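Taken together, the values in this text are just the output of simple stated rules run on the coordinates, not laboratory data. Just so it is clear, the structure is predicted and the values come from calculations on it, not from any experiment. Heads up, the Cβs are rebuilt from the backbone with ideal geometry, glycines too, and the neighbour counts pull from every protein chain shown.
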Amino acid sequence: MVIASSSTEEVTTRGPMVPVPYRVVAQRTELVDTQTLVIEAVGEALPHAAPGQFSMLWAFGIGEVPISHSRVHGARGAAEHTVRAVGATTRALCALAEGDVIGVRGPFGRGWDLPVAEGGDVVVVAGGLGLAPVRPVVEAILARRERFERVAVLVGARSPDDLLFADDLSAWRARFDVEVEVTVDHARAGWHGDVGVVTSMIPRVPIDPRSATAFVCGPEIMMRFAAAALVDRGFARQRIQVSLERNMVCAVGHCGHCQLGPTFVCREGPVYTVAALGSLLDVRSL
Amino acid sequence: MTVTSSIRDLLAEHPFFAGLPDADLDLIAGCGRNVHFHPGQLVFAEGEAADAFFVLRRGRVALSVHGPQSDEITIATVTDGDVLGWSWLFPPYRWHFDAHATAETSAVALDGACLRDKCDEDAALGYRLMQRFARLTQQRLQETRLQLLDLYGREHHGHRIVEH
């Protein structure tokens, strides 16, 4: 059976609810509670993901969780996910070692609309673990840098010790064709960067909001304030993209756990424009 | 040829003073002087007399407080286009935090007593200045509240992971 997803690719010839075995081929400790898993198909591979899509990772015997792709591999069959240990399943995923096998379904959902940003300035705003789903956007932009004007990446974290992908941030800074600004909520002696909320950097980032597209990912409260700051700066709502976090279970729009008003985040999202969301983010308990 | 900007020109270019009448800028500039701080240099210290505020032209200044074991915790930074300090506005005119430059920093320091006198003499100038400080205070308060939420802490799962 072939089932078409809202992405342009087929989800799987097995049916989207059947996990495919993947083997951990590399594992990196990013933070004290956060691991990156590089996985490869044991046999038949799933389609490779577009930036912003997610997959369901199954720790056998424990459970399944939706995890964004933190790097999009060109090779069919390879995938990279960054996981924070917050519950039984994610703790099990973070405890995996090279050679261990998990089940994978996906990729699912609608990712970042990168073509719409071509020819203009770009601002990427990431908070905390939200850097993981937007890293593929930054890498895609840098791989085709000539297609974009000024590019700025604004990153917020709890403290310097909680900064994700510090090596990538350094490498991006070293290119000189992308502005990378990092701020933390609080810092001890020795930190010489910014301290404050990531949204406070939006008013001063050197871009032209009339031509710019923003990609925003982080805790939902942060995204709401970031979107408001971007609108104040002059961004059009349809040029502000946010990636929502909801309780995805089936990932194919059947179970309704991720419903947000009239939309299923697993199928129509997780990436939406602020214009498409309208006031949905402001509705309590939705 | 070296072009030296006057204090008044520097203030006119700064976003904090955007929209102020020329006459106000002339009055305010009379209380100003250029200052420069090297990385690590103390701008002011907690408990000292708050006799000025700083209009940052470029650079970065960290506001910090000492923790229980004398660890220094930075709670905020200000940078190009920001204004540093409002303790000069209210008695007892003492700084509540330490401030250090963390980069080469150029600013205009405005004398607090001088500005207070001018605001007392010209209530309209005082009102326009207080409007700007009230907006700045509101903005800093909102940012501080967001920091207090600890959005990136463990209770917020970051992204894509919703698991209990």
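Per-residue Cβ counts within 10 Å, from other chains only, averaged over B:73-81: what number is that?
Average neighbour count from other chains, rounded to a whole number: 6.
Please report the Cα spread of the range A:126-273 along all three principal axes, rounded to whole Å, starting with the longest.
The principal-axis extents, from largest down, are 49, 35, 30 Å.
Let me know the mean shielding of A:126-133 by other chains, meaning the per-residue number of their Cβ atoms within 10 Å of its Cβ.
4
Tell me, what is the percent relative contact order of chain A, built from C-alpha pairs under 8 Å that lie six or more residues apart?
17 percent
Using the Karplus curve 6.51 cos²θ - 1.76 cosθ + 1.60 with θ = phi - 60°, what ³J(HN,Hα) values do you get for each residue of the range A:67-73, in whole Hz, with x for Gly and Pro?
Using θ = phi - 60°, the values come out as 10, 5, 7, 8, 7, 9, 8 Hz.
Sorting A:Glu30, A:Glu139 on the 10 Å Cβ count, fewest up front, what's the list?
A:Glu139, A:Glu30
How well do other chains shield peptide B:140-151, expressed as the mean number of their Cβ atoms within 10 Å of each residue Cβ?
5
Cα centroid distance between the range A:220-286 and the range B:50-109, in Å?
37 Å
Mind putting together the pair-distance distribution for chain A? All Cα pairs, 5 Å bins, whole percent per bin, short to long.
Taking all Cα pairs of chain A, the binned fractions are 1, 6, 12, 17, 19, 17, 14, 9, 4, 1, 0, 0 percent.
If you restrict to DSSP beta bridges whose two residues both lie in the protein assembly as shown, what percentage is antiparallel, to the nearest 5?
Of all bridge pairs located within the protein assembly as shown, approximately 75 percent are antiparallel.
Could you give the spread of the C-alpha atoms of the range B:17-164 along their three principal axes, from largest to smallest, in whole angstroms?
If we take the Cα atoms of the range B:17-164, the spans are 62, 30, 29 Å.
Which net charge results when you count Lys and Arg as +1 and Asp and Glu as -1 among the other residues whose beta-carbon is under 14 Å from that of A:Glu268?
Charge balance near A:Glu268 sits at +2.
What number, in percent, do you get for the relative contact order of the range A:221-286 if the mean sequence gap of Cα pairs under 8 Å and at least 6 apart is divided by its residue count?
Averaging sequence separation for qualifying contacts and normalising by length gives 34 percent for the range A:221-286.
Let me check I've understood the local charge: for A:Arg135, count other residues with C-beta under 12 angstrom from its C-beta, Lys and Arg +1, Asp and Glu -1. What total comes out?
My count for the surroundings of A:Arg135 gives -4.
Roughly how tilted is helix B:123-148, in degrees to the nearest 10 and between 0 and 90, from the longest Cα axis of chain B?
Helix B:123-148 sits roughly 10 degrees off the main axis of chain B.
Based only on other Cβ atoms within 10 Å, what is the fewest-to-most ordering of A:Glu98, A:Glu40, A:Glu245?
Ranked by crowding around the Cβ, least crowded first: A:Glu98, A:Glu40, A:Glu245.
Which net charge results for the neighbourhood of A:Arg28, defined as the other residues with beta-carbon distances under 12 angstrom from its beta-carbon, given Lys and Arg at +1 and Asp and Glu at -1?
-4
Taking H as built 1.01 Å from N, whose amide H comes closer than 5 Å to the amide H of A:Phe215, not counting residues under 5 places away?
A:Val123, A:Val124, A:Val125, A:Gln241
Using the number of other C-beta atoms within 10 angstrom as an exposure proxy, rank B:His38, A:His186, A:His81 with the fewest first.
Arranged by neighbour count, lowest to highest, B:His38, A:His186, A:His81 become B:His38, A:His186, A:His81.
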